[in-house]
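Every number in this text was worked out from the coordinates using simple rules, so none of it is lab data. Model, not experiment: these values are computed from the prediction. In this analysis, Cβ positions are derived from the backbone assuming ideal geometry, glycine residues included, and neighbour counts consider all displayed protein chains.
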Amino acid sequence: MKPFTYERATSVETAAKAAGSMQGARFIAGGTNLLDLMKLQIETPTHLIDVNHLGLDRIEQTEDGGLRIGALVRNTDLAADKRVRRDYAVLSRALVAGASGQLRNKATTAGNLLQRTRCPYFYDTRMPCNKRQPGSGCGALKGMSRSLAILGVSDACIAQHPSDMAVAMRLLDARVDTVDAGGAARSIPIADFHLLPGDTPHRETALKPGEIITSVTLPKPLGGTHVYRKVRDRASYAFALVSVAAVFGRDGRAHFAFGGIGTKPWRVEAADAAAKAGAKAVAEAALAGARTTEHNDFKKLLVERTLASVFRQQEARA
Amino acid sequence: MASTPVSRRGMLRGGAALAAATPLMAHAQTPSTGPQRNIGAGMIPVELTVNGREVHLQLDPRTTLLDALREHLHLTGTKKGCDQGQCGACTVIVEGRRINSCLTLAVMHDGDKVTTIEGLGTPDRLHPMQKAFIAHDGYQCGYCTPGQICSAVAVLDEIRAGIPSHATADLDAVAMSDAELRERMSGNICRCAAYPNIIAAMRDVAGEAKA
């Protein structure tokens, strides 16, 4: 690791101000992704602001019947929360489908949203990568791209978003609450929080320098049956090739979001509208505009088949 | 063990210290490309309670909890495998929860209580999970074993606390089962593939605790 200085933040406002005024400063919470990348010198912060003691670790009911999840709530605690298990089961399911028990004990809600791609060319510092080194090119486009994205891709980047939790958050239309370096608060719809790579794949979120996530807010519960189906190379502790988050309502309406296939957590309104026509129609709508490589073309069929399995399970329940 | 005049570990420790001296000095002579501001620069005091004992350390902020335990406190039971959170050999229990000690900085744990394999039991007074691993042959080479045992102890607590996993059919009814144990232990890799015996050991301890 490159040398860095370290401080423990004592308030959200001072943490944001410090991060905004110091180039090379980064927040650290769980640290499970950041430290991994620092060891590889992919991340080289010069100053770490430890935000673990800011008290942002509570889950509270909101006035309109939703849930406000503190940025520092650990993945284990969020998955196990009684209200989340009852009203937002798709989120509990997505969380426990991700990482390992040890990592979920440390990883935070905000950190999970901010985790970086597992594209092998991003991780290998000898390879070109526009996300790691803007302008250096993309090794994945003509390289080993089996695990990578087929939606939201650009000529500069096809790195997939790795999170399971964020897929469920996207389905639930969560909002990301922040405080910026000047102390101003705002709430960002999760649809706008993650950016498409375009020709600036190193810019991944809507956060401004110094802006800190304080909580993630869920709207009031959707009801219905919640499913998170993850397809991966191992039965446990592996990133998704394809994942489907689904909520089926009693009236035959449904909502879908997808992981493993997009450069950000993927959701298409037209896919929800196709629910009554079945898995094939939903897949077709979700995959509109897909751009594949010879290595990851299989993901299109895998999306359709994963959806078919989710639909069959739902029909068996009904 | 402490009375052994010359141990293999002691020799290795001395050797490592000598070997480390040269590159450190070389590093000191290179021009500094350090941070712009120096809040908390240099060594940082860290206080931990490790296996019930209070320890005070002065650490480079880059020191992981794993390196603090192994290199500074010489608690070498906790192992460094992949050093990137994939293998679980470095698993320790911090404030009652198992974590990968390789993926966290020691300075982030100032004031925390840490339990390592040395704190669970000793050769004379083994923890029930240690006894069960021996009885069920839950290892071959043993390198992953301290992490496996720390994880296994915490897993049983997690199931008792009703924390769901990917193997949980009903999120509101978490129950002990082989499927639960296997899923929850997926963050601990065993190259010798002692998995069936590890599950047997865990099942044994879970059963005893219930009775």
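See the values below:
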quantity: Packing-based ranking, highest mean first, of A:245-252, B:172-179, B:113-120, A:169-176 given that Cβ atoms within 10 Å are counted; calculated: A:169-176, B:113-120, A:245-252, B:172-179
quantity: The range A:275-318: Cα Rg divided by the 2.2 N^0.38 Å rule of thumb; calculated: 1.27
quantity: Long-range tail of P(r) for the range B:72-122 (Cα pairs > 16 Å, %); calculated: 38
quantity: Residue among A:LYS39, A:LYS280, A:LYS264 with the largest mean-square fluctuation in a Gaussian network model of chain A, springs linking Cα atoms under 10 Å; calculated: A:LYS39
quantity: Spin-label pair A:ARG305/A:ASP192, simplified geometry with 7 Å Cα→Cβ offset, distance in nm; calculated: 4.0
quantity: Length-normalised contact order of the range B:72-211 in % [C-alpha pairs under 8 Å, at least 6 apart]; calculated: 27
quantity: Positive-pole candidate from A:THR10, A:SER145, A:ALA156, dipole of chain A, charges at beta carbon; calculated: A:SER145
quantity: GNM flexibility winner over chain A from A:ARG74, A:ARG58, A:ARG104 (Cα, springs under 10 Å); calculated: A:ARG58
quantity: For the range A:1-84, alpha-carbon Rg relative to the globular expectation (2.2 N^0.38 Å, N residues); calculated: 1.28
quantity: Shielding of A:214-223 by partner chains, average beta-carbon count, 10 Å; calculated: 0
quantity: Relative counts (whole %) of C-alpha pair distances in the range A:70-166, using bins that are 5 Å wide; calculated: 2, 14, 20, 18, 12, 13, 12, 6, 3, 0
quantity: Column: log10 I(q)/I(0), Debye, Cα scatterers of the range A:154-201, q = 0.24 Å⁻¹; calculated: -0.94
quantity: Rounded to the nearest 20 debye, dipole of the protein assembly as shown from Cβ charges on Lys, Arg, Asp, Glu; calculated: 880
quantity: Kyte-Doolittle mean at least -1.0, axial Cα span of 18 Å or more - DSSP H helices of chain A; calculated: A:298-317
quantity: For the protein assembly as shown, Kirkwood radius (reciprocal of mean inverse C-alpha pair distance, Å); calculated: 24.4
quantity: Residue among A:LEU34, A:LEU301, A:LEU95 with the largest mean-square fluctuation in a Gaussian network model of chain A, springs linking Cα atoms under 10 Å; calculated: A:LEU301
quantity: P(r) weight above 16 Å for the range A:210-318, C-alpha pairs, percent; calculated: 61
quantity: Inter-chain shielding of B:100-106 (mean C-beta neighbours from other protein chains, 10 Å cut-off); calculated: 6
